[in-house]
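**Student:** Okay, handing you the structure first.
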Amino acid sequence: MIDNYTLDKQVYKKNTTELHREKTEKTEKTVLSNTRSDLKNGNFPTIFADPKFSKQFNVIANKPPSTRLDWLTLVSPKQGIEPRSLDKVITNFIEGRCWEKTYDYQIFETNRQLYEGGPAMVMEIVSAIGVRLRIAELENGNYFIILSFCGDALSQLFRVNNFLAIARFFAESVEQFSLKASRIDLAFDDPQKKLNIIELHSHLRAGNYTGFKNYRGIDSGAGKIEGYTLELGSRTSNKFTRIYDTWKKHKEVGIRYESEFKRTNAKELQKFFVNAYEVEKTNKQLLKQLHEYMFTNIRFIDISKKYSNGSLEKCPVLPIWQNFLKYVNDKLELRKFIKPKKESTIEQTANWFKRQVSGTLEVFKNALGDNNFLKFIDYCIADSVSRQRHKATINKRMLFTKQLKRLGILGVLTQEEIDYATNNCDIDFGYLSPSYEPVIKEENLKANKRILRAMLRKDNVVRSQIGKEN
């Protein structure tokens with residue numbers, strides 16, 4: 001018989017994406033409450049004719065679309081850059097020698113934090129075109145910097161659609177100071193308004209999308225609506241998309257599709273620019289691949305055609321999105337960002353072992369007894385050695401083995417845990433210090449483990465008790 005709690009869980013269990021959709025629909029700010037019937041009937045000209053909407057919503061311009069770099073933030077390595085390198089950064093990027101130009105700039109002294117929880121900022125330099133350099137002095141005598149280029153500054157430094165110059169900038173000017181991109185914004189301006197924001201909003205409300213979890217619709221203007229914005233995804237995520245009418249903000253006719261790439265995605269884009277410059281790609285090839293980064297990770301689909309298991313993979317793309325992608329480039333291919341693998345250390349591996357495995361080992365030891373338990377461990381090791389492993393896994397294990405041979409028991413137990421074992425569990429590991437040479441010196445890893453097991457068996461203490469009591 002199913003209890004009420006289990007029944008409730010089955011009744012109210014929903015897909016995470018659906019919960020996001022419902023939450024967004026309840027909390028979003030919308031101006032379409034009185035025009036839903038028009039949305040369902042696809043009567044979009046009637047909506048634009050509504051007195052609430054500015055006449056600019058109906059205006060289009062007979063101009064070709066364009067793509068531009070709209071924001072760029074570069075940061076120094078954690079160890080900072082040397083004072084002489086800082087002087088070159090100011091000369092190249094603030095004064096303008098990098099672009100063979102000269103700009104005026106202002107220097108502001110401050111003691112604010114560079115970023116939340118970061119070092120204190122000692123100086124901020126702002127050039128006449130809007131390039132901003134924030135500087136913090138580190139304990140090692142170097143300087144940690146954040147260099148930001150706003151859209152207005154970039155429009156004066158690089159021509160629209162000229163991404164070969166941007167690739168050269170990354171490869172020659174940025175790389176010499178080991179600066180890394182933490183944010184890159186790309187903007188696609190469409191004066192012909194092939195994307196209808198109101199129609200897209202109706203599909204969002206119907207759940208016809210994939211590639212992001214939540215969205216928000218925002219209108220702007222007092223009395224008359226002079227602009228409308230759709231935000232797709234979270235501002236804190238590695239990729240965030242914004243689609244809006246440019247009249248309110250820029251006083252230009254058109255729709256802007258704007259993608260923000262942060263952290264790992266920004267670093268991947270930086271590598272893309274550097275590689276594109278080294279292999280001498282054409283500007284047309286660059287534009288196509290940048291459009292793939294911008295547009296292929298988001299889809300507007302017919303969610304009613306999804307599989308019975310909830311999969312959206314085979315859902316057909318809606319005509320409005322399909323036509324827009326053809327308008328951008330009829331040969332776009334799916335381009336996904338590479339998720340970096342997290343490299344684990346000996347300390348992290350040892351903590352995982354003590355946290356996740358030690359309890360299970362205790363169960364086997366208590367059930368099998370000391371003798372059979374050790375034989376079982378030997379069998380597991382032998383079985384593991386006989387399996388085929390990826391070359392990277394083998395190399396990682398060999399590196400860990402060398403490090404453990406050098407550190408001994410200090411590689412898997414902290415000094416506090418060793419002191420606790422000595423004082424409370426009667427386990428004597430001998431004299432230990434960071435420069436201690438371990439007693440176990442055999443080249444064979446299996447021999448090392450055999451001696452370590454013998455040491456633990458002699459004291460008859462379960463290693464898991466060390467972590468539990470501590």
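**Student:** Which ones in segment 252-283 are within 23 Å of residue 324 (Cα to Cα), of a type in the set (D, E, K, R) and modelled with pLDDT under 90?
**Tutor:** 252
**Student:** Another question, if that's okay. So which of 233, 211 is within 25 Å of residue 326 (Cα to Cα) and surrounded by fewer than 17 Cβ atoms within 10 Å (Cβ to Cβ)? Talk me through it step by step, then tell me what you get.
**Tutor:** On the way: 233 fails: surrounded by fewer than 17 Cβ atoms within 10 Å (Cβ to Cβ).
On inspection, the qualifying residue turns out to be 211.
So that you can scan it fast, the table gives a plain yes or no per residue for (1) modelled with pLDDT of 70 or more; (2) over 21 Å from residue 128 (Cα atoms); (3) aromatic (Phe, Trp, Tyr); (4) touching a Phe, Trp or Tyr at 6+ places or on another chain (Cβ under 7 Å):
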{"position": "18", "(1), (2), (3), (4)": "no, yes, no, no"}
{"position": "24", "(1), (2), (3), (4)": "no, yes, no, yes"}
{"position": "42", "(1), (2), (3), (4)": "no, yes, no, no"}
{"position": "72", "(1), (2), (3), (4)": "yes, no, no, yes"}
{"position": "76", "(1), (2), (3), (4)": "yes, yes, no, yes"}
{"position": "82", "(1), (2), (3), (4)": "yes, yes, no, no"}
{"position": "96", "(1), (2), (3), (4)": "yes, no, no, yes"}
{"position": "100", "(1), (2), (3), (4)": "yes, no, no, no"}
{"position": "104", "(1), (2), (3), (4)": "yes, no, no, no"}
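**Student:** Please return the ranges of strands (runs of 3 or more DSSP E) entirely within segment 76-167 where 1 or more residues are without any contact (Cβ under 8 Å) to a residue 60 or more places away in the chain and among the hydroxyl-bearing types (Ser, Thr, Tyr).
**Tutor:** 105-109, 121-127
**Student:** Every residue in segment 353-380 that is under 37 Å from the mean Cα position of the chain (by Cα) and among the polar types (S, T, N, Q), please.
**Tutor:** Correct list: 356, 358, 360.
**Student:** Against the condition among the basic types (Lys, Arg) and at pLDDT 80 or above, how does residue 387 come out, does it pass?
**Tutor:** no
**Student:** Every residue in segment 315-330 that is assigned to a loop (DSSP other than H, G, I, E, B) and among the aliphatic types (A, V, I, L, M), please.
**Tutor:** Answer for segment 315-330, where residues must be assigned to a loop (DSSP other than H, G, I, E, B) and among the aliphatic types (A, V, I, L, M): just 318.
**Student:** Looking only at residues that are of a type in the set (Asp, Glu) and not in a strand (DSSP E or B) in segment 260-300, which one is farthest from the chain's Cα centre (by Cα)?
**Tutor:** Once the filter is applied, the top-ranked residue is 280.
**Student:** With more than 15 Å from residue 197 (Cβ to Cβ), of a type in the set (D, E, K, R) and buried (at least 19 other Cβ atoms within 10 Å of the Cβ) as the only criterion, which of 260, 252, 278 stands out? Steps first, answer last, please.
**Tutor:** Working: 252 fails: buried (at least 19 other Cβ atoms within 10 Å of the Cβ); 278 fails: buried (at least 19 other Cβ atoms within 10 Å of the Cβ).
Answer to the check: 260.
**Student:** Mind listing just one residue for me: the one in segment 155-190 that is closer than 15 Å to residue 99 by Cβ and touching a Gly at 6+ places or on another chain (Cβ under 9 Å) and, of those, surrounded by the most Cβ atoms within 10 Å (Cβ to Cβ)?
**Tutor:** 157
The values are calculated or read from the model by the stated rules, or taken from the named source; none is laboratory data. Everything numeric here is computed off the predicted structure, so don't read it as measured data. All Cβ positions, glycine included, derive from the backbone under ideal geometry; neighbour counts span all protein chains shown.
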